[in-house]
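Peer 1: Take this structure first; my questions come after.
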Amino acid sequence: MSAPDIRIESPETIQDWMSRDEVLLVDVREPQEWAQARIPGAMLLPLSSFDPAAIDLPPGKKLVFHCRSGVRCGAAAEMLAASGLAPKGAPIHRLGGGIIAWAQAGLPIEQG
């Protein structure tokens, strides 16, 4: 059995997928970070209490992890891959550069 494919995607690619309702976006930052700013439509699943079993990927959706700068989402993707619970035959996506890159690209952010 091969390990899941983990891919880094640009903010623009993720936004395009979101505009077509093709994404389950999982924010792995901590609650205090989430409370300050978040990407609309993301669900919070902090890395400090990350449980791969908590991810219920709807059919036809792409799974995308994001964090502040793109590091913690890599850890979450690796944890999901190692758990054996990753979606079969589908890549795990990461938002390259995290919410920082998202904001720098001028994409929508919900404040506080």
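Peer 1: Going by the conditions given, is LYS88 out of contact with any Leu (no Cβ under 6 Å at 6 or more places or on another chain), surrounded by fewer than 18 Cβ atoms within 10 Å (Cβ to Cβ) and of a type in the set (Lys, Arg)? Quick ask: steps written out before the conclusion?
Peer 2: Details: out of contact with any Leu (no Cβ under 6 Å at 6 or more places or on another chain): yes; surrounded by fewer than 18 Cβ atoms within 10 Å (Cβ to Cβ): yes; of a type in the set (Lys, Arg): yes.
Considered against the rule, which asks whether it is out of contact with any Leu (no Cβ under 6 Å at 6 or more places or on another chain), surrounded by fewer than 18 Cβ atoms within 10 Å (Cβ to Cβ) and of a type in the set (Lys, Arg), LYS88 comes out as yes.
Peer 1: Are there any pairs, at least 6 apart or on different chains, whose C-beta atoms fall under 8 Å, with the first in the range 46-69 and loosely packed, with under 15 Cβ neighbours inside 10 Å and the second among the charged types (D, E, K, R) and modelled with pLDDT of 95 or more, and if so, which?
Peer 2: Listed pairs, sorted by first residue: SER48/GLU30; GLY60/GLU22.
Peer 1: May I ask you to list pairs of residues, at least six apart or on different chains, whose Cβ atoms are under 6 Å apart, with the first in the range 22-38 being touching a residue at least 40 places away in the same chain (Cβ under 8 Å) and the second being outside any loop (DSSP other than H, G, I, E, B) and of a type in the set (A, V, I, L, M)?
Peer 2: Pairs found: VAL23/VAL64; LEU24/LEU63; LEU25/VAL64; VAL26/MET43; ASP27/LEU44; VAL28/LEU47; VAL28/ALA76.
Peer 1: Identify, please: which residue in the range 91-108 is among the aliphatic types (A, V, I, L, M) and in contact with a helix residue (DSSP H, G or I) (Cβ under 9 Å, 6 or more places away or on another chain) and is, among those, surrounded by the most Cβ atoms within 10 Å (Cβ to Cβ)? Don't jump to the end; show me each part of the working.
Peer 2: So in the range 91-108, the residues among the aliphatic types (A, V, I, L, M) come out as 92, 95, 99-101, 103, 105, 107.
The next check asks that each one be in contact with a helix residue (DSSP H, G or I) (Cβ under 9 Å, 6 or more places away or on another chain); those that pass are 92, 95, 99, 101, 103, 105, 107.
Values: ILE92: 25, LEU95: 28, ILE99: 26, ALA101: 19, ALA103: 15, ALA105: 13, LEU107: 16.
The qualifying residue surrounded by the most Cβ atoms within 10 Å (Cβ to Cβ) is LEU95.
Peer 1: In the set GLY96, GLY60, GLY112, which member is of a type in the set (Gly, Ala, Ser) and farther than 22 Å from PRO4 by Cβ? If you could, list the steps in order and put the result at the bottom.
Peer 2: Numbers: GLY96 fails: farther than 22 Å from PRO4 by Cβ; GLY60 fails: farther than 22 Å from PRO4 by Cβ.
It is GLY112.
Peer 1: If ALA35 satisfies all but one of (1) more than 19 Å from ILE8 (Cα to Cα); (2) surrounded by 15 or more Cβ atoms within 10 Å (Cβ to Cβ), what's the number of the condition it fails?
Peer 2: Every condition holds for ALA35 apart from (2).
Peer 1: Something else: Looking for whichever is more than 19 Å from GLN15 (Cβ to Cβ) and touching a residue at least 60 places away in the same chain (Cβ under 8 Å) here; the options are PRO87, PRO108. Which one fits? Break it down into steps so the answer makes sense when it comes.
Peer 2: On the way: PRO108 fails: more than 19 Å from GLN15 (Cβ to Cβ).
Only one candidate qualifies: PRO87.
For (1) in a helix (DSSP H, G or I); (2) in contact with a strand residue (DSSP E or B) (Cβ under 8 Å, 6 or more places away or on another chain), each residue gets a yes or a no:
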site: ARG68; (1), (2): no, no
site: CYS73; (1), (2): yes, yes
site: ALA77; (1), (2): yes, yes
site: LEU80; (1), (2): yes, yes
site: LEU85; (1), (2): no, no
site: GLY89; (1), (2): no, no
site: HIS93; (1), (2): no, yes
site: ILE99; (1), (2): yes, yes
site: GLY106; (1), (2): no, no
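Peer 1: Among the residues of the range 7-30, which ones are surrounded by fewer than 21 Cβ atoms within 10 Å (Cβ to Cβ) and part of a helix (DSSP H, G or I)?
Peer 2: Once the filter is applied, which keeps residues that are surrounded by fewer than 21 Cβ atoms within 10 Å (Cβ to Cβ) and part of a helix (DSSP H, G or I), the range 7-30 yields GLU12, THR13, GLN15, ASP16, TRP17, MET18, SER19.
Peer 1: Okay, next question. When the range 51-66 is examined, which residues are found to be β-branched (Val, Ile, Thr) and in a loop (DSSP other than H, G, I, E, B)?
Peer 2: Hit for the range 51-66 is ILE55, nothing else.
The values are calculated or read from the model by the stated rules, or taken from the named source; none is laboratory data. Everything numeric here is computed off the predicted structure, so don't read it as measured data. Every residue, glycine among them, receives a Cβ derived from its backbone with ideal geometry; neighbour counts consider all protein chains shown.
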